[in-house]
Number of protein chains: 6
Amino acid sequence: MRANDTLLDLFLELQILDRVPRSGYVLRGVAEPESVTEHSWHVLFLVWALGARSAGLDVTRAMEIALVHDLAELRIGDLPRVASRYFPAGAKKAAEAAAMAEVLAPLPERALGLYAEYQQGATPEARFVKACDKLQLMIKVLVYERWGTGALGEFWDNPENFPEGGPDGFPVVKELFEALRARRREG
Amino acid sequence: MRANDTLLDLFLELQILDRVPRSGYVLRGVAEPESVTEHSWHVLFLVWALGARSAGLDVTRAMEIALVHDLAELRIGDLPRVASRYFPAGAKKAAEAAAMAEVLAPLPERALGLYAEYQQGATPEARFVKACDKLQLMIKVLVYERWGTGALGEFWDNPENFPEGGPDGFPVVKELFEALRARRREG
Amino acid sequence: MRANDTLLDLFLELQILDRVPRSGYVLRGVAEPESVTEHSWHVLFLVWALGARSAGLDVTRAMEIALVHDLAELRIGDLPRVASRYFPAGAKKAAEAAAMAEVLAPLPERALGLYAEYQQGATPEARFVKACDKLQLMIKVLVYERWGTGALGEFWDNPENFPEGGPDGFPVVKELFEALRARRREG
Amino acid sequence: MRANDTLLDLFLELQILDRVPRSGYVLRGVAEPESVTEHSWHVLFLVWALGARSAGLDVTRAMEIALVHDLAELRIGDLPRVASRYFPAGAKKAAEAAAMAEVLAPLPERALGLYAEYQQGATPEARFVKACDKLQLMIKVLVYERWGTGALGEFWDNPENFPEGGPDGFPVVKELFEALRARRREG
Amino acid sequence: MRANDTLLDLFLELQILDRVPRSGYVLRGVAEPESVTEHSWHVLFLVWALGARSAGLDVTRAMEIALVHDLAELRIGDLPRVASRYFPAGAKKAAEAAAMAEVLAPLPERALGLYAEYQQGATPEARFVKACDKLQLMIKVLVYERWGTGALGEFWDNPENFPEGGPDGFPVVKELFEALRARRREG
Amino acid sequence: MRANDTLLDLFLELQILDRVPRSGYVLRGVAEPESVTEHSWHVLFLVWALGARSAGLDVTRAMEIALVHDLAELRIGDLPRVASRYFPAGAKKAAEAAAMAEVLAPLPERALGLYAEYQQGATPEARFVKACDKLQLMIKVLVYERWGTGALGEFWDNPENFPEGGPDGFPVVKELFEALRARRREG
């Protein structure tokens, strides 16, 4: 694969994202796990639905960030979280940025900027998408637990999966994480 | 299932959309076919990427329409196209609207309005999403043909699948359909 | 799809029923769920095995009813139970009847009559098949629970799933439901 | 597994047949191949639909034979055709009969008799089911070829797959095989 | 299928082993169960890793035995354990040997000898592979239990699955079985 | 995941390799593609069968190399080939080596040495395994093409996939590649 020559090349390549399963679930035995495309759609929906309740947020911009946030996985794959440990600091991010530059070649440069913004967590919008990325993760984990598939207990013990409102203090995100944990305790 | 009581109920239910395969592919033997969630993401991406090239379009609004356009399938399923023939005129649309009212209960009423707009094709934004919905269909069909899966030839012969620019004359959509057909002829 | 022109068209179309998963399981996260074809075979087997123990029943006729009872799903899909709520009363039944008229076109009219009989619950044979339809459902639910797949608890709380002998008082059906519940309590 | 103690044990065990794929397709690379349950249902449908057009046939009896004809695969599995070559003559048939005696223990002895009748091809009804068993095979093969899955060409060259009417001269079976080959030639 | 004429025929046929799922898991509802190829690789790895800790063992020879130990399943399928009960004593072993003679035709005769050695448990190396075959079974069972898939409890109650060191007294195998049971008790 | 504390931890983790599909096939639409475990087994078999015909090769050592050659994918995943382009030269190899040090922690240090030998292509045995790795790739590609799954034509045009005998001149490898191409031309 090369840089995409045309918009149609890009659209064709994007269809492949449906066949990239989320590695965190695969490695823990979830049957028929979520694809990267599916994850991306759910994050986008959260951003839209919760963004409207977060004062001062540019929701359209956050939606655009959500739309592109995982596209590097088309070229890099969905690396298991543990994989980062074995690469030099920053190598994975740099690889993703390089891959994105090729994937998004037929789009205006602004698209690539949105991706950089996400990677660097440079704006409240980027950080809001990151929080929704984790919220979607834990929502799916609860669904899989109800369905009886996968060994997913450790996700609940990892504080990185619960950014809550983070430094920006997004109250609606915090509320949702609390509701989610309550729902799990109820069984 | 009832009207969703809370945002969290809605988000939990939405995860199920990943398990609803697109019936048009299932009935034609495609292996591991696209889910409704995946289709929805790709349509949204097209709307975003092509909307910026379509003068006068409110792209944010079109993205929001794309986000909700297939959610009724959570409650109704993805009915085969032929199914409409056996219901009274308008029954399927009415059922979808009723289902959406329950699914989207925890969101502001505006969300339901976006859905009605799409169903009625009431605005250029709604019609643009409909065109992108078909464009995504035919992009995926070409990908499946390249992968050797499914008996999909009849899709190319159905004029309903090629809205081109439609009455609004969206040139970028028309160009993409042409490029797609050219790509198929090349093999 | 049109009315089937020939018997061979009908037989070819019927193969597709293997790719239609039962929506009740799909929506509750069962991995690799039963197809409509598989469900139909098991219902037929129950009708045959239990019919012989039900005095006064025309077992051959009941088997024929079981054979056709779910074929409309070829054209309509397997609508989630909740879907009925959103259609006008009787619309789903009417759609199924209309679809069946086309599907069964190459068979003698008697076949369509068997389907109507089932839909209306017009005879003890039709009601016996309906009871076996639910019995098969709950047998499969127990099997899936043993296999650890799906969130299926609510099925046990829904009285519609336990027609027992119904107004006809089929004692063998009643006994089987009791045995099934006992087996579940034993774990 | 032992002899089934009760009818419920039998019904529970039968559900497993849905997870036994037809080995002929597995070994030739068909994606998501037919289960033994699915095959059995389609054979039964053929017997019912074509039996009514075959003068002098006891269709009910033929349907019962079709219902039990493949149940031994619950205990033996669906052995690849080539496997028979490596067992002493008659060993596979004897094994199937012994397995069936245990599987069908809770049913009246008549059920086991139907199975013996099929194995020995002792009656026109048994031979009719065998012919429909092959007809279903070739119908599915054509469907898979249209779907682009599996390397199935050799099935069309094996005369054992085309019993036509056989010694009993079932004209409707012969006609269907001819129609099927014609359909394949048309592409 | 015939005896393989050339090495390439053999290598092509072996690829099919990936599509033969282990029947013990299929029959107990494991989702996406291990293939025979996967099982074979894990047994080989155990033999290599544990063989080095077993004094006096010819590890290379044991690895070679592990490599061929399940290849007959290409032609015979992976018969459910219960199937043996229905065949004459020794028929299954004889069938496997006959199948192997054809499968391995393009390899030096020595290969077939390794298989006979395994079947007869004629050497410490053959018995070591048999012990590792069971150890791999129970490791996978524990993994599946953690993943929540399949009804596998009975495997832990079957003494045949725990050969421990057997008559040869392989202490490292015994230790692993103990560690495995301890890990399961910990949950 | 950390360094494995015990042999049992290692064996448990290795089972996950069955759920890591080979990314080259996933990205080209192969249905139900080969797992890394399956690939590894086939490479090992080739090394064993062809190694015996390659004068001067230490076949046992080559088998050991084949056994460990892809284990880093447990921690890194099976990166698409194109991914390497986006990392600094050598970063992927270094990451794999670091991951392997943790995965193989409970084994004697010799195991890690075998892996380094493979990565560096330091010995004829390592280079022989690399040639067999490609040979297995192209054998599987031919099998998938026969099965009608995936868009795999470009594999035949990539000279990297045909190391033939390489600098060591392994004639048996060269012969097999030739036989494979001839087989494909025959169709």
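The values are calculated or read from the model by the stated rules, or taken from the named source; none is laboratory data. Just so it is clear, the structure is predicted and the values come from calculations on it, not from any experiment. A quick note on method: Cβ atoms are made from the backbone with ideal geometry, for glycine too, and the neighbour counts reach across all protein chains shown. The area values use the complete protein model at the heavy-atom level, side chains included, leaving out ligands, DNA and RNA. Shrake-Rupley method; radii C 1.70, N 1.55, O 1.52, S 1.80 Å.
Points to keep in mind about this one:
- Condition check for D:Asp9: among the acidic types (Asp, Glu), in contact with a Gly (Cβ under 9 Å, 6 or more places away or on another chain) and surrounded by fewer than 21 Cβ atoms within 10 Å (Cβ to Cβ): no
- Residue match in the stretch E:124-132 (condition: in contact with a His (Cβ under 9 Å, 6 or more places away or on another chain), part of a helix (DSSP H, G or I), surrounded by 21 or more Cβ atoms within 10 Å (Cβ to Cβ) and of a type in the set (Phe, Trp, Tyr)): no
- Taking the numbered list (1) within 19 Å of C:Glu13 (Cα to Cα); (2) buried (at least 21 other Cβ atoms within 10 Å of the Cβ) in turn, D:Asp18 passes all entries but (1).
- Total residues in the stretch E:108-123, condition open to solvent by less than 40 Å² (accessible area, probe 1.4 Å) and part of a loop (DSSP other than H, G, I, E, B): 2
- The one condition in (1) under 30 Å from D:Val30 (Cβ atoms); (2) within 13 Å of the chain's Cα centre (by Cα) that B:Val20 fails to fulfil: (2)
- Enumeration of residues in the stretch B:1-38 that are out of contact with any Lys or Arg (no Cβ under 6 Å at 6 or more places or on another chain), more than 14 Å from chain D (Cβ to nearest Cβ) and in contact (Cβ under 8 Å) with a residue 60 or more places away in the chain: B:Met1, B:Arg2, B:Ala3, B:Asn4, B:Asp5, B:Thr6, B:Leu7, B:Asp9, B:Leu10, B:Glu13, B:Leu14
- Only residues that are exposed (fewer than 14 other Cβ atoms within 10 Å of the Cβ) and either part of a loop (DSSP other than H, G, I, E, B) or touching an Asp or Glu at 6+ places or on another chain (Cβ under 7 Å) (or both) were counted across the stretch D:177-187, and they come to 1.
- Test for D:Arg61: is it more than 14 Å from chain B (Cβ to nearest Cβ), open to solvent by 40 Å² or more (accessible area, probe 1.4 Å), in contact (Cβ under 8 Å) with a residue 12 or more places away in the chain and touching a Gly at 6+ places or on another chain (Cβ under 6 Å): no
- Any hit, the stretch D:68-79, residues being within 30 Å of F:Leu142 (Cβ to Cβ), out of contact with any helix residue (DSSP H, G or I) (no Cβ under 7 Å at 6 or more places or on another chain) and either buried (at least 22 other Cβ atoms within 10 Å of the Cβ) or of a type in the set (Ser, Thr, Tyr) (or both): no
- Residue ID - farthest from the other protein chains (Cβ to nearest Cβ), chosen from residues in the stretch E:163-176 that are surrounded by fewer than 20 Cβ atoms within 10 Å (Cβ to Cβ) and either closer than 29 Å to A:Val141 by Cβ or within 17 Å of the chain's Cα centre (by Cα) (or both): E:Gly166
- All conditions in (1) within 7 Å of another protein chain (Cβ to nearest Cβ); (2) under 12 Å from the mean Cα position of the chain (by Cα) hold for F:Ala66, with the sole exception of (1).
- Cβ-Cβ under 7 Å pairs, at least 6 apart or on other chains, the stretch D:133-145 side polar (S, T, N, Q), far side part of a helix (DSSP H, G or I): D:Gln136/D:His39; D:Gln136/D:His42; D:Gln136/D:Val43; D:Gln136/D:Leu46
- Taking the criterion of being open to solvent by 20 Å² or more (accessible area, probe 1.4 Å) and either under 18 Å from B:Ser40 (Cβ atoms) or hydroxyl-bearing (Ser, Thr, Tyr) (or both), the residues of the stretch B:80-96 that qualify are B:Arg81, B:Ser84, B:Glu96.
- Which numbered condition B:Ala105 fails, given (1) touching a residue at least 60 places away in the same chain (Cβ under 8 Å); (2) within 24 Å of B:Leu27 (Cβ to Cβ); (3) outside any helix (DSSP H, G or I): (2)
- Meets criteria (open to solvent by less than 20 Å² (accessible area, probe 1.4 Å) and more than 12 Å from the chain's Cα centre (by Cα)) for E:Leu152: yes
- Residue within the stretch D:86-99 that is in contact (Cβ under 8 Å) with a residue 40 or more places away in the chain and either more than 14 Å from chain B (Cβ to nearest Cβ) or under 30 Å from F:Ala31 (Cβ atoms) (or both) present: no
- Subset of the stretch A:147-170 (residues that are without any contact (Cβ under 8 Å) to a residue 24 or more places away in the chain and touching a Gly at 6+ places or on another chain (Cβ under 6 Å)): A:Trp147, A:Gly148
- Of residues in the stretch C:39-58 being free of Cβ contacts under 8 Å to residues at least 60 places away in the same chain and open to solvent by 30 Å² or more (accessible area, probe 1.4 Å), the one farthest from the other protein chains (Cβ to nearest Cβ): C:Ala55
- Only one of B:Glu64, B:Glu38, B:Glu96 that is part of a helix (DSSP H, G or I) and within 25 Å of A:Val20 (Cβ to Cβ): B:Glu38
- In the set (1) touching a Ser or Thr at 6+ places or on another chain (Cβ under 9 Å); (2) of a type outside the set (S, T, N, Q); (3) under 27 Å from A:Leu10 (Cβ atoms), the condition left unmet by A:Glu73 is number (1).
- Restricting the stretch F:110-149 to residues that are under 23 Å from D:Gly29 (Cα atoms) and hydroxyl-bearing (Ser, Thr, Tyr) leaves a set whose member that is nearest to the other protein chains (Cβ to nearest Cβ) is F:Thr149.
- Boolean, E:Glu32 is of a type outside the set (S, T, N, Q) and in a helix (DSSP H, G or I): no
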